[in-house]
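**Student:** Input: one structure, supplied below.
The values are calculated or read from the model by the stated rules, or taken from the named source; none is laboratory data. Since the structure is predicted, the reported quantities are computational estimates derived from the model, not experimental observations. Cβ atoms come from the backbone with ideal geometry, glycine included; neighbour counts cover every protein chain shown.
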Amino acid sequence: MIKRVEEKRILMENCVAVNLKTAEKRIFTSKNIAFLKRRYPRLKLRTGEWLPFESPDASIEGYIKKGGYKALEKVLKMKPEEVIKEIEDSQLIGRGGAAFPTGLKWKFVFKQTEKEKYFVCNADEGEPGTFKDKVLLDQSPHKIIEGMIIGAYASGASKGYIYVREEYFDSTRTIEKAIGEARDKGFLGINILDSSFSFDIKVVRGMGSYICGEETALFRSIEGRRGIPEVKPPFPTTSGLYKKPTVINNVETLANIPHIILNGARWFKSLGVEGSFGTKIFSISGNVKNPGVYELELGKFTLADLIYGLAGGIEGNRKLKAVLPGGASTRFLTKDNLDIKMDYKSLKEAGTSLGTGAVIVFDETISIPRIVKHLFDFYEEESCGSCVPCRIGTKRISEILKDIIEPATVKVGNLYGTDGANMNYLTKLKDIGMAMKESSKCGLGQSAPDPLLSSIDFFSNEYLALIKKVNGRKS
Amino acid sequence: MEEKVKLTIDGKEVEVPAGLTIMEAADSIGIYIPHLCYNPTYKKFLLPSSSCRICVVEVEGMKNLIASCSYPVSSGMVVRTNSERVQKARRVTLELLLSSHPMDCMTCEISGRCELEKVAYELGVPSSSFQGERVNYPIDTSNPFIIRDYNKCILCGRCVAACAEIQYNNAIDFSNRGFRTKIATAYDRPLQESTCEFCGRCVSVCPVGALTEKMRRGRGREWELKKFTTICPYCGCGCTIELNVKDNKIVKITADPFVGINEGSLCVKGKFGYDFISHPDRLKMPLIKKDGKFVECRWEEALKYTADKLKELKERYGPDAIAGLSSAKCTNEENYLFQKFMRAVTGTNNVDHCARLCHASTVAGLAKAFGSGAMTNSIAELEDAKCILVTGSNTSEAHPIIALRIKAAVKRNGAKLIVADPRKIDMVRFACIHLQHRPGTDVALFNGMMNVILKEGLQDKEFIKNRTEGFDEFKKVVEKYDPQIVERITGVPEEKIIEAARVYATSKPAAIVYSMGITQHTTGTDNVLTLANLAMLTGNIGKESSGVNPLRGQNNVQGACDMGALPNLLPGYLSIIDENARKKFADAWGRDIPAKPGLTVVEMMHAARKGILKGMYIMGENPFLSDPNANEVRKALEKLEFLVVQDIFLSETAEYANVVFPAVSFAEKDGTFTNTERRVQRIRKIIEPPWEAKPDWQIICLLSEKMGYEMKYENPSEIMAEIGILVPSYGGITYDRIERKGLQWPCPDKNHPGTPVLHREKFTRGKGLFSPVEYIAPVENPDAEYPFVLTTGRVLYHYHTGTMTRHSQGLNEIYPQGVVEINPEDAVKLHINTGDMVEVSSRRGSVKVKAEISERPLPGVVFMTFHFKEAAANLLTIDALDPVAKIPEFKVCAVRINGVRS
């Protein structure tokens, strides 16, 4: 079973690459729209407008033809404060997982008096189940570049970096090529479009580590240092890359910028719902018929719409068991949550989070403890080792889960539970999980226990069944 | 006004300055938060890494617990430091940590000082309830100093930060990830194969038993050790050290981060080079040579024999047939007594010491230019200089702790470092400009820089006008030194000279730091005068973080000079030809002082060889290895009728003695040392000396008594009291005042706070004197027969003639033998490889030594150290002298190199 999930994960990423051509169509194909229209009779689907994921065109000619870099021209006639105001008014929040207001971040950096500032695009998309940024990098590189230039202009940065996940070979090449084209056309470099504003971007290939997606670890990685998170505060807006004020935005966040500038904050706020304006790109994977990337208005659709509407339902028409709604580091949802609206607020109220928008679906045949163990194998591997709860916590959780699930392979013998108290294992798991969640240094350790702790809440019977088996074997 | 922040901690309202961390705020109202990876003791040096998560606290409105060691307070914050939630999180975290820790506290060296042990005690966690895999690394005992047991490591990162941010060495870092994270050198090689310099700072900051001193293993639990503060006996830095003693044995050496010029830093010698004290070869009884063999005898016999002999020589040949070498390794009190003995008892001014060989030209040069020959500023000030010119000083090896200040100035405060040195020394790593001039062309180089400064109008006209004299004559000379001409003399490209001139003249304050690369030339005094000119030209004198700063080589070479252990100067630098000065001392001592200046070190050797000098009394010096042209020194020592040597080991010089007095080391006597920044610091009797060895001051007193002149002192503080009366700059220095922290002279009275910066309002001599100095080539230049220039110096791991370091096992293991550094270009021509034995010969002698191919020297230049008797560089060096200061030209002579067939 574990193996299957693994294969699935690899498959899913391939799947994106394969399905990219159809991705755009999928949002608007008759079948999907028909489904949504059945559910929402009064829904008016927008077409022809520019959304982050719409009208992909990797070539600069195609991008310009569709109105690309028009937003940049507009911005260069505005004052930085006006640009920031527009973004603030739009209430755009970061799409990388932490959901921080983008305009506010720019304003913080703009207010810093330091001469040297940086603008960094975080394209180290490493959260398991997430592959939306890859699609943007491959299909709309110029939209990201334009977003960065605008952001840099607004915040006063003169140097930019795009930190691309190491495994995204093609994306790195695509974005590098796009930067070259943009430079040739005068969108990047000294005196952009004959203005007094100068800005250039360098692409940095990631170092193959999950933690390098954490902003301070990412900065260290660019600086050529070991990728581990730093103590915050100071936050990047005051002391980021090379200890200078730095804006760091997610790929998808940046892809929203040109649209907001061209169409205005009011237009943006006409999309989505209060607290979650605009659209969100979801990467759906797991046991669904059509895994892939889908862009939806926030708060207008339910989890069921995503799974049964866009993704075509569960494979083999089996029953749904659980969903990780925002990537591997969020709390599980179950079949009881199918009607939850997909936006920041609703998911937060349900005790989980929208995270990166990576919806991983598990059907009734999947063993949840095994999934959690699989995740902890990943966290154990990816923990940077800097703080105690995460460094040793991930290790111990992994060991306990292994002990429960694969007792035959454990050489040392079983760790706990010899007293026959089945709950002993679960108590240990909960204790470590809570300590990690509460005391870890960065987001990795703080959110890694979420799937574990929620799975104990919802599926403790599955754990207990396994533990019973272990104890049976022992006695 | 300081911004204040109000917050609530555990229900108590508290107002603290903004910028404090929660832990500091809690501490201010007496609330203790347990912590592990962060230690407030090291606050100034090491930022919290917040990795242990033991110090977490609950803050209202925050989702997670936060680390109080690094999180700043903010207004209205409500903090709970010990809620149930906090306690539980701390407990689990600690148990996790313990689940991967070898619980061998019973035998752990660090037990009692262990910070993990402390936290476990505070939280009441005896063991871990978690089980699982533990790391299992082999314990690294391969180097002589540090045992590395990473099974105990808690990965707090202090050692990494100390290495990178205090020592600027970057020998270690985190390697691997996650559970397998480990502190390692590059490619996890042993320390001795990395850039590690074994300063031991990592050991001192390690909170657990992961890093321990090898030599202390099994020799005492932490709580059995008694700590005594004293001063390091090695270089002129004058670091404060703590001897950790159990049962009259030194177990280890530590340093307090809040005390002394070193602020907790030490170098490998200070940290690990102490085992010479308990070496079995220490002299235990007086020796008298009978039939060519040393025989142990009682003090009474040895003293009487010596006194009789000296009296006999004095009667037969007159007092000037006797000479004495005092010691820069001995205390001020001992140096004072020694010169008093020579002048008042023996009746000669033939007293000198090894300052002659290192900084005589400084004393002469700076006294001429400014009026006093010492470091004008203080060590700590270097950190705030905007520009530092280091010349003729291999600072990081010869004065490692001062080098740390310079590195900090560059790395932390953005100062610009100019290194002018014929070798590519390690300091070049930190420099923005390296002027790699040919040995002996210093005057030309700095005249070239001053030429540029004048040409571009970068001089400080106000300063020159108001505070100096002699500018016009000086200007005339400097005008001749166009950078183009200077390039031809020095080999330094014109542009670099111009750039260096601009950087030095425009970044203020700028400090000049120099050492024996400047002084040990026949033009040593000229070199010093040129640097004085450079500082005055730009107004960089009499201000903080500026000045001309000679780094004195030995722990008390400054003091030995201050005490008048010089043939032409009385204590306090009063001239021997000044009748009033002589009278002052004659009145105090009750004996007439001879008016004729005495012989200098090298002159003494010349005189002995010629048979003019008949007897010598050498205290704690080893001229056989330290003086130039050692073959001639040997002849001189052999020719003496009577030689008394007083030392802690039977040194190479002592082998030639008729009588040897066993003296004691710095740890076995009371006294004071004056370090390079003129700071008079206290050393203490901490352990008992071996057998019958006596402090040098006592030996001098006893001998003096036997010679018929009573010297009676209960202890050295009484000698200091006498010094205070006779030497005005020491007038205010008493043992009470320097109990904890030394004072910098001049300190004329009991209320004077000491003087960190000299020449503030006016120069000691009134106005600063510019001297016109022309370039003169070294005495011996390479030719067809001897085609290479030999230059000499020190290495980090050894010290002076090795009397101490060669008796330290660890230092010898890590650096067992001398080498000759040869540039790769020359090595190719000579078909020599690293490790080959070569013969280096000059007109005066030859030595066999291992070759090391290195980019450090220029092509045509080779480098050797003078520490090793097996490959004594001073068999080769020339005994030509500077005409003013009588310092020999150690830094330049011509040699030839031949391969040796093995």
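**Student:** From the set of residues in the range B:59-85 that are within 11 Å of chain A (Cβ to nearest Cβ) and within 48 Å of the chain's Cα centre (by Cα), which is nearest to A:G351 (Cα to Cα)?
**Tutor:** Step one: list which residues in the range B:59-85 are within 11 Å of chain A (Cβ to nearest Cβ), which gives B:62-67, B:69-72, B:74, B:85.
Then keep just the ones that are within 48 Å of the chain's Cα centre (by Cα); that gives B:65-67, B:69-72, B:74.
Details: B:L65: 18, B:I66: 21, B:A67: 25, B:C69: 30, B:S70: 29, B:Y71: 27, B:P72: 29, B:S74: 28 Å.
Step by step, filter the range B:59-85, then rank; the result is B:L65.
**Student:** Same structure again: Name, by its number, the condition in (1) under 30 Å from A:A217 (Cβ atoms); (2) assigned to a helix (DSSP H, G or I); (3) at pLDDT below 95 that does not hold for A:C390.
**Tutor:** Going through (1) under 30 Å from A:A217 (Cβ atoms); (2) assigned to a helix (DSSP H, G or I); (3) at pLDDT below 95 one by one, A:C390 breaks only (3).
**Student:** Kindly indicate whether any position in the range B:151-162 is crowded, with 19+ Cβ neighbours inside 10 Å, under 44 Å from the mean Cα position of the chain (by Cα), over 26 Å from B:Y32 (Cα atoms) and of a type in the set (V, I, T).
**Tutor:** yes
**Student:** Would you mind stating whether B:C196 is without any contact (Cβ under 8 Å) to a residue 60 or more places away in the chain and away from chain A (no Cβ under 14 Å)? Quick ask: steps written out before the conclusion?
**Tutor:** Working: without any contact (Cβ under 8 Å) to a residue 60 or more places away in the chain: yes; away from chain A (no Cβ under 14 Å): yes.
Here the answer is yes, as B:C196 does meet what is asked.
**Student:** From the list B:L225, B:L211, which one is away from every other protein chain (no Cβ under 14 Å), among the hydrophobic types (A, V, I, L, M, F, W, C), touching an Asp or Glu at 6+ places or on another chain (Cβ under 9 Å) and crowded, with 20+ Cβ neighbours inside 10 Å?
**Tutor:** On the way: B:L225 fails: touching an Asp or Glu at 6+ places or on another chain (Cβ under 9 Å).
It is B:L211.
**Student:** I would also like to ask the following. Can you tell me which residue is farthest from the other protein chains (Cβ to nearest Cβ) among those in the range B:25-34 that are assigned to a loop (DSSP other than H, G, I, E, B) and out of contact with any helix residue (DSSP H, G or I) (no Cβ under 7 Å at 6 or more places or on another chain)? Spell out the reasoning first.
**Tutor:** Keep residues of the range B:25-34 that are assigned to a loop (DSSP other than H, G, I, E, B), which gives B:29-34.
Imposing the further condition that a residue be out of contact with any helix residue (DSSP H, G or I) (no Cβ under 7 Å at 6 or more places or on another chain) reduces the set to B:29-32.
Values: B:I29: 23, B:G30: 24, B:I31: 19, B:Y32: 19 Å.
Taking the candidates together, the pick is B:G30.
**Student:** Out of A:A182, A:A255, A:A217, I need the residue that is within 14 Å of chain B (Cβ to nearest Cβ) and surrounded by 22 or more Cβ atoms within 10 Å (Cβ to Cβ). Which one? Let's see the steps before the verdict.
**Tutor:** Details: A:A182 fails: within 14 Å of chain B (Cβ to nearest Cβ); A:A255 fails: within 14 Å of chain B (Cβ to nearest Cβ).
The conditions single out A:A217.
**Student:** A follow-up question, please. Does at least one position in the range B:187-197 carry a residue that is crowded, with 20+ Cβ neighbours inside 10 Å and hydroxyl-bearing (S, T, Y)? Can you show your working first?
**Tutor:** Restricting attention to the range B:187-197, the residues satisfying the condition of being crowded, with 20+ Cβ neighbours inside 10 Å are B:191, B:196-197.
Then keep just the ones that are hydroxyl-bearing (S, T, Y); that gives none.
Checked against the condition, which is being crowded, with 20+ Cβ neighbours inside 10 Å and hydroxyl-bearing (S, T, Y), the range B:187-197 yields no hits at all.
**Student:** Tell me whether the range A:256-275 contains one or more residues that are in contact with a Leu (Cβ under 6 Å, 6 or more places away or on another chain) and of a type in the set (D, E, K, R).
**Tutor:** There is no residue in the range A:256-275 that is in contact with a Leu (Cβ under 6 Å, 6 or more places away or on another chain) and of a type in the set (D, E, K, R).
**Student:** Let me ask another. Out of all the residues in the range B:38-57, is one or more free of Cβ contacts under 8 Å to residues at least 12 places away in the same chain, assigned to a loop (DSSP other than H, G, I, E, B), not assigned by TED's automatic domain parsing to the domain that holds B:A164 and not aromatic (F, W, Y)? Break it down into steps so the answer makes sense when it comes.
**Tutor:** At the first step, the residues of the range B:38-57 found to be free of Cβ contacts under 8 Å to residues at least 12 places away in the same chain are B:43.
Adding the requirement that they be assigned to a loop (DSSP other than H, G, I, E, B) leaves B:43.
Going one step further and asking which of them are not assigned by TED's automatic domain parsing to the domain that holds B:A164, we end up with B:43.
Now drop any that are not not aromatic (F, W, Y), which leaves B:43.
Yes, that holds for at least one residue.
**Student:** Could you run through the range B:627-657 and say how many residues are surrounded by fewer than 24 Cβ atoms within 10 Å (Cβ to Cβ) and either closer than 19 Å to B:V557 by Cα or of a type in the set (K, R) (or both)?
**Tutor:** The number of residues fulfilling the criteria is 3.
**Student:** Going by the conditions given, is B:A89 modelled with pLDDT under 95 and of a type in the set (A, V, I, L, M, F, W, C)?
**Tutor:** On the way: modelled with pLDDT under 95: no; of a type in the set (A, V, I, L, M, F, W, C): yes.
It is false that B:A89 is modelled with pLDDT under 95 and of a type in the set (A, V, I, L, M, F, W, C).
**Student:** Something else about it: Go through the residues of the range B:257-266 one by one and say whether even a single one is under 16 Å from the mean Cα position of the chain (by Cα), over 20 Å from B:I648 (Cβ atoms) and of a type in the set (S, T, Y).
**Tutor:** In the first step, residues of the range B:257-266 are kept if they are under 16 Å from the mean Cα position of the chain (by Cα); the result is B:260-266.
Narrowing further to those that are over 20 Å from B:I648 (Cβ atoms): B:260-266.
Still in the running and of a type in the set (S, T, Y): B:265.
Yes, there is a match, as at least one residue in the range B:257-266 is under 16 Å from the mean Cα position of the chain (by Cα), over 20 Å from B:I648 (Cβ atoms) and of a type in the set (S, T, Y).
Table: residues versus (1) in a helix (DSSP H, G or I); (2) buried (at least 18 other Cβ atoms within 10 Å of the Cβ); (3) among the aliphatic types (A, V, I, L, M); (4) at pLDDT below 85.
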residue	(1), (2), (3), (4)
A:I400	yes, yes, yes, no
A:D419	no, no, no, yes
A:A435	yes, yes, yes, no
A:A465	yes, no, yes, no
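**Student:** While we're looking at this one, here's another question. Look through B:T331, B:T306 and report the one residue that is crowded, with 19+ Cβ neighbours inside 10 Å and over 18 Å from B:E655 (Cα atoms). Walk me through how you get there before you give the answer.
**Tutor:** On the way: B:T306 fails: over 18 Å from B:E655 (Cα atoms).
Just a single option satisfies the conditions, and that option is B:T331.
**Student:** Additional query: Are there any pairs with C-beta distances below 8 angstrom linking a residue in the range A:189-206 that is in the same structural domain as A:S171 (by TED's automatic domain parsing) to a residue that is polar (S, T, N, Q) and in a helix (DSSP H, G or I), with the two at least 6 apart or on different chains, and if so which?
**Tutor:** Note: pairs meeting the criteria are A:V203/A:T172; A:V204/A:S221; A:R205/A:T172; A:G206/A:S221.
**Student:** Please determine whether any residue of the range B:702-720 is assigned to a helix (DSSP H, G or I) and surrounded by fewer than 16 Cβ atoms within 10 Å (Cβ to Cβ). Reasoning before the result, please.
**Tutor:** First, pick out the residues of the range B:702-720 that are assigned to a helix (DSSP H, G or I): B:702-706, B:716-720.
Subsequent filtering for residues that are surrounded by fewer than 16 Cβ atoms within 10 Å (Cβ to Cβ) retains B:705, B:718.
Looking through the range B:702-720, at least one residue is assigned to a helix (DSSP H, G or I) and surrounded by fewer than 16 Cβ atoms within 10 Å (Cβ to Cβ).
**Student:** Select from the range B:607-636 the residues that are out of contact with any helix residue (DSSP H, G or I) (no Cβ under 6 Å at 6 or more places or on another chain), more than 20 Å from B:L650 (Cβ to Cβ) and free of Cβ contacts under 8 Å to residues at least 60 places away in the same chain and list them in ascending order.
**Tutor:** Result: B:K610, B:G611.
**Student:** Could you grab the pairs with beta carbons closer than 8 Å, sequence gap of 6+ or different chains, first residue in the range A:99-120 and outside the structural domain of A:R165 (by TED's automatic domain parsing) and in contact (Cβ under 8 Å) with a residue 40 or more places away in the chain, second one assigned to a loop (DSSP other than H, G, I, E, B) and buried (at least 21 other Cβ atoms within 10 Å of the Cβ)?
**Tutor:** Correct list of pairs: empty, since none qualify.
**Student:** Sticking with this one: Look through A:S353, A:S367, A:S386 and report the one residue that is in contact (Cβ under 8 Å) with a residue 12 or more places away in the chain, farther than 23 Å from A:I281 by Cβ, out of contact with any strand residue (DSSP E or B) (no Cβ under 7 Å at 6 or more places or on another chain) and within 14 Å of another protein chain (Cβ to nearest Cβ). Before the answer, list the steps.
**Tutor:** Details: A:S353 fails: farther than 23 Å from A:I281 by Cβ; A:S367 fails: within 14 Å of another protein chain (Cβ to nearest Cβ).
Among A:S353, A:S367, A:S386, only A:S386 is in contact (Cβ under 8 Å) with a residue 12 or more places away in the chain, farther than 23 Å from A:I281 by Cβ, out of contact with any strand residue (DSSP E or B) (no Cβ under 7 Å at 6 or more places or on another chain) and within 14 Å of another protein chain (Cβ to nearest Cβ).
**Student:** Would you confirm, using the coordinates I've provided, whether A:K345 is part of a helix (DSSP H, G or I), touching a Phe, Trp or Tyr at 6+ places or on another chain (Cβ under 7 Å) and among the charged types (D, E, K, R)? Talk me through it step by step, then tell me what you get.
**Tutor:** On the way: part of a helix (DSSP H, G or I): yes; touching a Phe, Trp or Tyr at 6+ places or on another chain (Cβ under 7 Å): no; among the charged types (D, E, K, R): yes.
No: the conditions fail for A:K345.
**Student:** Restricting attention to the range B:103-124, does a residue exist that is within 14 Å of chain A (Cβ to nearest Cβ), more than 25 Å from B:R219 (Cα to Cα) and in a loop (DSSP other than H, G, I, E, B)? Please lay out each step first, then the result.
**Tutor:** Within the range B:103-124, the subset within 14 Å of chain A (Cβ to nearest Cβ) is B:115-116, B:119-120, B:123.
So of that shortlist, the ones also more than 25 Å from B:R219 (Cα to Cα) come out as B:119-120, B:123.
Retained after the next criterion (residues that are in a loop (DSSP other than H, G, I, E, B)): none.
Within the range B:103-124, not a single residue is within 14 Å of chain A (Cβ to nearest Cβ), more than 25 Å from B:R219 (Cα to Cα) and in a loop (DSSP other than H, G, I, E, B).
**Student:** Surrounded by fewer than 21 Cβ atoms within 10 Å (Cβ to Cβ) and within 23 Å of B:Y234 (Cβ to Cβ): is that true of B:I687 in this structure?
**Tutor:** On the way: surrounded by fewer than 21 Cβ atoms within 10 Å (Cβ to Cβ): yes; within 23 Å of B:Y234 (Cβ to Cβ): yes.
Here the answer is yes, as B:I687 does meet what is asked.
**Student:** While we're on this one: Pick out the one residue from B:N244, B:N248, B:N262 that is surrounded by 23 or more Cβ atoms within 10 Å (Cβ to Cβ) and among the polar types (S, T, N, Q).
**Tutor:** Values: B:N244 fails: surrounded by 23 or more Cβ atoms within 10 Å (Cβ to Cβ); B:N248 fails: surrounded by 23 or more Cβ atoms within 10 Å (Cβ to Cβ).
From the options B:N244, B:N248, B:N262, the qualifying one is B:N262.
**Student:** Filter the range B:871-902 for residues that are part of a loop (DSSP other than H, G, I, E, B), farther than 20 Å from B:N622 by Cβ and hydrophobic (A, V, I, L, M, F, W, C) and give the result.
**Tutor:** Of everything in the range B:871-902, those that are part of a loop (DSSP other than H, G, I, E, B), farther than 20 Å from B:N622 by Cβ and hydrophobic (A, V, I, L, M, F, W, C) turn out to be B:A880, B:V884, B:A885, B:V892, B:V900.
**Student:** Specify the residue that is surrounded by the most Cβ atoms within 10 Å (Cβ to Cβ); the eligible residues are those in the range B:435-464 that are under 19 Å from B:K476 (Cα atoms) and of a type in the set (V, I, T).
**Tutor:** B:V443
**Student:** Can we say B:D736 is surrounded by fewer than 21 Cβ atoms within 10 Å (Cβ to Cβ), farther than 20 Å from B:I231 by Cβ, more than 22 Å from the chain's Cα centre (by Cα) and among the charged types (D, E, K, R)? Quick ask: steps written out before the conclusion?
**Tutor:** Working: surrounded by fewer than 21 Cβ atoms within 10 Å (Cβ to Cβ): yes; farther than 20 Å from B:I231 by Cβ: no; more than 22 Å from the chain's Cα centre (by Cα): yes; among the charged types (D, E, K, R): yes.
Taking the combined requirement at face value, the residue does not satisfy it.
**Student:** Still on this structure, please answer the following. Looking only at the range B:164-178, count every residue that is within 14 Å of chain A (Cβ to nearest Cβ) and either not hydrophobic (A, V, I, L, M, F, W, C) or not in a loop (DSSP other than H, G, I, E, B) (or both) and tell me the total.
**Tutor:** The initial filter retains those residues of the range B:164-178 that are within 14 Å of chain A (Cβ to nearest Cβ), namely B:164-165, B:170, B:172-178.
Adding the requirement that they be either not hydrophobic (A, V, I, L, M, F, W, C) or not in a loop (DSSP other than H, G, I, E, B) (or both) leaves B:164-165, B:170, B:173-178.
Qualifying residue count for the region: 9.
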